[in-house]
1. Roughly how many debye, to the nearest 20, is the charge dipole of the range 53-139 about its Cα centre, given +1 on each Lys and Arg Cβ, -1 on each Asp and Glu Cβ, and no other charges?
2. For N98 and S43 in one chain, what is 0.36 nm times their gap in residues minus the Cα-Cα distance, to one decimal in nm?
3. Hey, got a sec? Which GluC sites (Glu not before Pro) in the range 34-141 land in a DSSP loop and have at most 12 other Cβ atoms within 10 Å?
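Nothing in this text is a laboratory measurement; each read-out follows from the coordinates by a stated rule. Source: prediction; values computed, not measured. All Cβ positions, glycine included, derive from the backbone under ideal geometry; neighbour counts span all protein chains shown.
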Amino acid sequence: MQAGVGYAKDRLNGWENAMRLENFAVATATVLTLMHSVWAHHSSGGYRMTEYTHLQGRVTEVHWVNPHVWLYMEVTDENGEPAVWVLEATGIGNLRNNGVTEDLVAPGTNISVRCHRLRDGANGCLLGFLTPEGGEELEWG
């Protein structure tokens, strides 16, 4: 009888150890996946973060979505031709904390911005500051 109890106890310990290992593996994989997502999301490596680009133009679209607000603006390029620029701002909560409300800019609003241009030279920026026509400069980054 003693041998049967020991055998059952050894099997139970083996099962518990296997479950602990499985739980540890799942938890580790989950943490690593989440860390990668957070790191990748908050990377600003695609932008020239050491310099600002200054733009003036007219807002054509505004998208108040999370995780980032997006603005599209039409500017006049160096050849006198209209060019559309895409501006990535911070999230809605951060904008509200900076005093920015959804009614501040709308399609048709003339604005000037300071932003960090895409490294590849495309017409896109990480928005830093925005000044609506006749208004004051507010942080959008």
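1. The dipole of the range 53-139 has a size of about 240 debye.
2. That works out to 17.6 nm of additional length.
3. Answer by residue number: E51, E78, E102, E133, E136.
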